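Enquirer: Below is one structure. I have some questions about it.
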Amino acid sequence: MAAVAARRALHSAAIKPSDIDILIGASAIPQQVLPCMSALIQRELGEAEGSYCFDVDATCLSFVAALHMASLLICSGEANRILICSSEKASQSLNPKEWESAGLFGDAAVAVVVTRTPTAEESCVEGSRFETHSSGAHLTTALGGGTLHHPNDPETKREDNLFHMDGPGILRFAAERYDRFLARFLEDAGRQTSDYDFVVPHQASRSGLHLLSTRYGFREDQIVRNLSHRGNCVAASIPLALAEAVEAGQIHRGHRILLTGTAAGLTLGALEIVF
């Protein structure tokens, strides 16, 4: 899935896999424990041998964290072309007994090529803020696969390998903290919610998206949504919503965009870009 998305991104950027300096895997659900997901994507592409591969896992905010990191690497001169891939196959880990999450998540893969902005263009990453409040780490879990509930441990149960989410608990926990988080981000950026042409949020849930307009001050016409037909696609959620808005002609070059959302951990994130 990631390789298919990567080839489309490379074609759009008019470059070959061999032109990539760094390949970042930005997924919460890897194909296997070792090696890193990005190395497997590089192998699948076939012509990217030699690019530096590593993964970034901030669960649902992995793509946004990777984009932030890629911008810093390019600005520092460490790289010229970075390929970011977020590929999620959540369907295999859902617990059918937890209807709230079993009916919410979707599978998707998205990729993007990040390069230095040409002199005549204004595209850029302008500001960011990330916070983790680990007192909420227990609200979203997949306990198996690591040393806590190792696959070879006879005491590991099948349920340990399934996704668990306390939806109402996450919504309350995140809402209580996102007010202050967003206020700090806007203050540091010197902006108001009305300054953004669009906000592309993590498609976490219908209730979570609803809060953007009813509690946090964004207009309905600013909010990009695809939850109803794509579901919550984990780390691929934000870039998929962004890509579909671009393909639909909704978002254009020069638009000021806010990428924002929450992730297991519990992590809050916001990244401002000029598209």
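Enquirer: Lys and Arg at +1, Asp and Glu at -1: add these up for the other residues within a Cβ distance under 13 Å of Phe54 and post the number.
Expert: Numbers: positive: none; negative: Asp21, Asp55, Asp57, Glu78.
After counting each charged neighbour, the total is -4.
Enquirer: Next question, about the same structure. Fully extended, how many nm does the chain gain between Arg253 and Ser18 (0.36 nm per residue separation, minus their Cα-Cα distance)?
Expert: Values: separation 235, 0.36 × 235 = 84.60 nm, distance 2.69 nm.
Gain on extension, Arg253 to Ser18, equals 81.9 nm.
Enquirer: When ranked by the protection proxy of mean other Cβ atoms within 10 Å per residue, highest first, what sequence do the peptides 229-242, 141-154 form?
Expert: Ranked by mean Cβ neighbours within 10 Å, highest first: 229-242, 141-154.
Enquirer: Next question. On the first, second and third principal axes, largest extent first, how far apart are the outermost C-alpha atoms of the stretch 2-115 in Å?
Expert: For the stretch 2-115, the Cα extents along the three principal axes come out at 48, 28, 27 Å.
Enquirer: Rounded to the nearest 0.05, what FRET efficiency do Ser134 and Glu176 have when you use their Cβ-Cβ distance and R0 = 22 Å?
Expert: 0.90
Enquirer: Still on this structure: Counting pairwise Cα distances across the chain, what percent come out greater than 28 angstrom? Working shown, then result.
Expert: On the way: 12921 of 37675 pairs.
I get 34 percent for the Cα pairs in the chain exceeding 28 Å.
Enquirer: Moving on to the next point. Within the set of other residues whose C-beta is less than 10 Å from the C-beta of Leu10, count the net charge using Lys and Arg as +1 and Asp and Glu as -1.
Expert: Combined, the nearby Lys, Arg, Asp and Glu give +2.
Enquirer: Under the rule of -39500 (n - 2.57) per DSSP H run of 4 or more residues, summed and divided by the residues of the chain, what mean residue ellipticity at 222 nm is obtained, to the nearest 500 deg cm²/dmol?
Expert: -9500 deg cm²/dmol
Enquirer: Compute the distance in nm between two label points, each set 7 Å from the Cα along the Cα-to-Cβ direction, one at His149 and one at Val274.
Expert: 4.8 nm
Enquirer: I want the antiparallel fraction of DSSP beta bridges within the chain, as a percent rounded to 5.
Expert: Of the beta bridges lying entirely in the chain, close to 65 percent run antiparallel.
Enquirer: Under 20 Å from a point 7 Å along the Cα-to-Cβ line of Arg184: which residues of the stretch 126-141 have their amide N that close?
Expert: Residues 126-138 qualify, since their backbone N sits under 20 Å from the label point.
Enquirer: Using a cut-off of 13 Å between beta-carbons, work out the net charge of the residues near Phe105 (Lys and Arg +1, Asp and Glu -1, Phe105 not included).
Expert: On the way: positive: Lys89, Arg230; negative: Glu88, Glu98, Glu100, Asp107.
Neighbourhood net charge equals -2.
Enquirer: Continuing with this model, one more query. Out of the DSSP beta bridges found with both residues in the stretch 2-115, what percent are antiparallel (nearest 5)?
Expert: Once the DSSP bridges in the stretch 2-115 are tallied, antiparallel ones form about 50 percent.
Enquirer: Right, another one. What list of ³J(HN,Hα) couplings, whole Hz, do you get for the stretch 248-259 from phi and the Karplus terms 6.51, -1.76, 1.60, once you set θ to phi - 60° and write x for glycine and proline?
Expert: Each residue's phi maps through the Karplus curve to give 7, x, 7, 10, 10, 4, x, 5, 8, 10, 10, 9 Hz.
Each value in this text was obtained by applying a stated rule to the coordinates, not by laboratory testing. None of these values were measured; they are calculated from a predicted model. Ideal geometry is used to build each Cβ from the backbone, glycine not excepted, and the neighbour counts take in all protein chains shown.
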